[in-house]
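Worksheet for the structure shown next.
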Amino acid sequence: MKRIRLLLSAIVLLFSTTLLSDTLKLVNGDQISGNIKSTDNDEITIETEYAGELKIKWSSIANFESNKIVTIELKDKSRIKGIAIPSKSGQLALKSEQFVNPVLIDINQIASVNPRSNEQIPLSGRVNIGGMKQSGNTDNQTFHADAELVARGPNNRTTIGVEYNQGAADGKENANNGRAYLSYDHFITDKWYAYANTDFSKNKFQDLNFRTFAGGGLGYQFWDDDIKYLSFEAGPGFIYEDFFVAEDRDFAAGRWALDFRYWLLEDRIQFFHNHEGLINLEDFADVLVRSHTGLQLPLIENLSFTLQIDVDHDTLPAEGRKKTDFRYIVGVGYFF
């Protein structure tokens with residue numbers, strides 16, 4: 001329990017330092033640190049640790065700084081996203097990937113900071129169902145299903161997903177495993193983000209009643225456009241494993257994850273590979289890696305055809321169990 005408390009404290013500290021990352025500089029020389037929320041009726045709202053939300057008259061603001069992305073709306077309705085860096089009074093310096101050099105903005109030309117929007121948070125996701133059936137001299141069948149939902153705001157992303165696999169040979173079950181996961185990402189810059197995640201999995205034929213993981217860390221998003229996506233993240237966590245036969249255990253763990261998608265032929269064939277690794281920090285020989293690799297071929301409307309190979313590798317499996325499980329999946333899916 002002591003290790004869990006230390007881990008949670010570290011994660012809370014990580015997020016508190018990223019969420020409270022703005023500084024308002026006033027005309028009279030005072031400074032207020034917190035999290036800028038929005039501007040409304042010639043006032044700017046900042047959330048502080050010590051006084052909750054404060055409303056400051058815009059005429060009292062000299063400039064401000066931020067360690068996370070803010071959206072600036074000018075009086076001509078144009079918008080710029082970036083990180084506010086130190087500048088002189090009456091001027092905002094915004095470092096943005098849209099421009100090579102920082103953009104200098106007259107503070108009086110700013111109409112709004114992080115303008116409120118009535119638009120819903122963009123959602124994306126997928127649902128896939130697949131499997132295989134073979135009859136005759138050999139009677140085999142497999143079933144696979146997975147679903148994922150992603151909510152992406154200006155600075156935040158929440159992902160929730162589930163997976164399930166079941167198989168049988170000659171009428172006897174030989175595979176039964178599933179997983180559910182939840183992650184929250186807070187973007188500190190356009191590329192860097194802090195994350196917290198939790199994961200629940202089970203595998204009947206690996207003697208695993210259930211495994212729970214909770215942790216957090218930092219991630220970096222290399223690419224995110226219509227052709228390619230690549231991100232990598234790593235951080236500490238804690239694992240608890242409950243076995244049917246083997247002795248239950250818990251330990252501190254390190255985690256890494258990679259997610260890569262690339263359109264080989266635009267809107268025709270997409271290659272994808274993602275994997276996640278967990279390593280026992282008390283025994284570096286104890287490593288769990290799970291990966292999904294395959295091709296996705298859009299069909300009509302939002303339907304797609306998927307060819308996929310899943311690999312689960314455990315360097316120290318329960319006694320009498322193999323280290324590696326392979327799953328070959330052919331399926332159809334719906335994405336949005």
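The values are calculated or read from the model by the stated rules, or taken from the named source; none is laboratory data. Keep in mind the model is a prediction, meaning the values are calculated, not measured. FYI the Cβ positions are ideal-geometry reconstructions off the backbone, even for glycines, and counts take in every protein chain you see. Surface accessibility is based on the protein's heavy atoms, side chains included, excluding ligands, DNA and RNA. Shrake-Rupley method; radii C 1.70, N 1.55, O 1.52, S 1.80 Å.
Write out, first by first residue and then by second, each pair whose Cβ atoms fall under 9 Å of each other, whose residues are 6+ apart or on separate chains, and whose first residue, in segment 27-53, is farther than 22 Å from residue 109 by Cα and open to solvent by 80 Å² or more (accessible area, probe 1.4 Å) while the second is in a strand (DSSP E or B) and of a type in the set (D, E, K, R).
Sorted first by the residue in segment 27-53, then by its partner, the pairs are 53/37; 53/47.
Restricting the first residue to segment 202-224 and requiring it to be touching a residue at least 40 places away in the same chain (Cβ under 8 Å) and within 21 Å of residue 168 (Cα to Cα), which pairs with a second residue that is aliphatic (A, V, I, L, M) and surrounded by 15 or more Cβ atoms within 10 Å (Cβ to Cβ) meet a Cβ separation below 7 Å and a spacing of at least six or different chains?
From residues that are touching a residue at least 40 places away in the same chain (Cβ under 8 Å) and within 21 Å of residue 168 (Cα to Cα), the pairs are 205/175; 206/318; 207/246; 207/318.
All but one of (1) over 20 Å from residue 155 (Cβ atoms); (2) modelled with pLDDT of 85 or more; (3) in contact with a strand residue (DSSP E or B) (Cβ under 8 Å, 6 or more places away or on another chain) hold for residue 77; state the number of the condition that does not hold.
Result: residue 77 passes all but (2).
For residues in segment 62-80 being charged (D, E, K, R) and not in a strand (DSSP E or B), which is least open to solvent (accessible area, probe 1.4 Å)? Before the answer, list the steps.
Taking segment 62-80 first, the residues charged (D, E, K, R) are 65, 68, 73, 75-77, 79.
This time we only want the ones that are not in a strand (DSSP E or B), so: 68, 75-77.
On the way: 68: 8, 75: 128, 76: 110, 77: 149 Å².
Top of the filtered list is 68.
Residue 302 fails exactly one of the following numbered conditions: (1) without any contact (Cβ under 8 Å) to a residue 24 or more places away in the chain; (2) more than 17 Å from residue 143 (Cα to Cα); (3) under 24 Å from the mean Cα position of the chain (by Cα). What is the number of that condition?
(1)
When the residues of segment 90-103 are filtered to those that are assigned to a loop (DSSP other than H, G, I, E, B) and farther than 21 Å from residue 221 by Cα, which remaining residue is farthest from the chain's Cα centre (by Cα)? Explain how you work it out, then say what you get.
Start the filter on segment 90-103 by keeping residues that are assigned to a loop (DSSP other than H, G, I, E, B), which leaves 90, 96-102.
Retained after the next criterion (residues that are farther than 21 Å from residue 221 by Cα): 90, 101-102.
Numbers: 90: 37, 101: 29, 102: 28 Å.
Going through the qualifying residues, I end up with 90.
Are any residues in segment 252-288 buried (at least 16 other Cβ atoms within 10 Å of the Cβ) and either small (Gly, Ala, Ser) or on the phi > 0 side of the Ramachandran plot (or both), and if so, which ones?
Within segment 252-288, 252, 253, 254, 257, 277 qualify.
Test residue 232 against the stated conditions and say whether it is among the aromatic types (Phe, Trp, Tyr), open to solvent by less than 20 Å² (accessible area, probe 1.4 Å) and within 22 Å of residue 314 (Cα to Cα).
Details: among the aromatic types (Phe, Trp, Tyr): yes; open to solvent by less than 20 Å² (accessible area, probe 1.4 Å): no; within 22 Å of residue 314 (Cα to Cα): yes.
Here the answer is no, as residue 232 does not meet what is asked.
Is it the case, given these coordinates, that residue 305 is open to solvent by 40 Å² or more (accessible area, probe 1.4 Å) and closer than 30 Å to residue 215 by Cα? Lay out the reasoning, then the answer.
Details: open to solvent by 40 Å² or more (accessible area, probe 1.4 Å): yes; closer than 30 Å to residue 215 by Cα: no.
Judged against the criteria, residue 305 is not a match.
All but one of (1) open to solvent by 70 Å² or more (accessible area, probe 1.4 Å); (2) without any contact (Cβ under 8 Å) to a residue 40 or more places away in the chain; (3) not in a strand (DSSP E or B) hold for residue 319; which doesn't?
Condition (2) is where residue 319 drops out.
Which is at pLDDT 80 or above and either in a strand (DSSP E or B) or open to solvent by 50 Å² or more (accessible area, probe 1.4 Å) (or both), of 59, 87, 117?
Numbers: 87 fails: either in a strand (DSSP E or B) or open to solvent by 50 Å² or more (accessible area, probe 1.4 Å) (or both); 117 fails: at pLDDT 80 or above.
From the options 59, 87, 117, the qualifying one is 59.
I'm trying to understand the selection: among the residues of segment 155-170, which are touching a strand residue (DSSP E or B) at 6+ places or on another chain (Cβ under 6 Å), open to solvent by 50 Å² or more (accessible area, probe 1.4 Å), more than 20 Å from residue 308 (Cα to Cα) and of a type outside the set (Val, Ile, Thr)?
156
Report yes if residue 129 is over 30 Å from residue 67 (Cβ atoms) and open to solvent by 50 Å² or more (accessible area, probe 1.4 Å), otherwise no. Even if it seems obvious, please write down each step before you answer.
Numbers: over 30 Å from residue 67 (Cβ atoms): yes; open to solvent by 50 Å² or more (accessible area, probe 1.4 Å): yes.
Yes; evaluated as a whole, the condition is true for this residue.
Specify which of the listed residues (22, 42, 30) is at positive phi and either modelled with pLDDT of 55 or more or among the β-branched types (Val, Ile, Thr) (or both). Outline the logic, then answer.
Working: 22 fails: at positive phi; 30 fails: at positive phi.
Checking each option against the conditions leaves just 42.
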